[in-house]
Amino acid sequence: MKLHEIRDNDGANRKKKRVARGPGSGKGKTAGRGIKGQKSRSGVAIGGYEGGQMPLYRRLPKRGFTKPNAKSFAVVNLGQIQGFIDAGKIDGAAELTEDALVASGLVRRKLDGIRLLAKGEITQALTISVTGASKSAVEAVEKAGGTVTLPVRAEAAE
């Protein structure tokens, strides 16, 4: 393959529809909007308007709540860590900190911390230091002979 042979797949690119450009274009005169009426004019916002009646989206009650200070964690599975160790991208003998996981490319960014989950298998003893971990992930690492260290939370310390 050479640079001049590269092209998009069939149907990947479509030409822009040029409306109101004369009868020869097939979309001249009314430009595909039909004849007269509100929808043929510009500046129409018909989506939620019900002719003056209270619109449906305002008649229904609001539900739910978005916590303003919710924490967002980057998620890492045990299987992903094992895959990176097998590929030689992570040194399994050293302690796996959050910074080491970011540096290896396993996690793009830490966000509010990294949370370890138990999906996948782990075969060697690892020392992992992360913000959070599921109980099953901690058990799986300890079963393989490793340890998981988590920061002490303020509520638990009292």
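Derivation of every value follows stated rules applied to the coordinates shown; laboratory data play no part. Computed from a predicted model, the values in this text were never measured in an experiment. Counting neighbours? That spans all protein chains shown, and the Cβs are built from the backbone with ideal geometry, glycine included.
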Total residues in the range 135-145, condition in contact with a strand residue (DSSP E or B) (Cβ under 9 Å, 6 or more places away or on another chain) and surrounded by 15 or more Cβ atoms within 10 Å (Cβ to Cβ): 3
Inter-residue pairs, beta-carbon under 8 Å, first loosely packed, with under 10 Cβ neighbours inside 10 Å and in the range 53-71, second assigned to a loop (DSSP other than H, G, I, E, B) and hydrophobic (A, V, I, L, M, F, W, C), 6+ apart: none
Of all residues in the range 1-42 being acidic (Asp, Glu) and part of a loop (DSSP other than H, G, I, E, B), the one that is farthest from the chain's Cα centre (by Cα): Asp10
Filter result for Arg14 (out of contact with any helix residue (DSSP H, G or I) (no Cβ under 9 Å at 6 or more places or on another chain), of a type in the set (Lys, Arg) and more than 30 Å from Leu126 (Cβ to Cβ)): yes
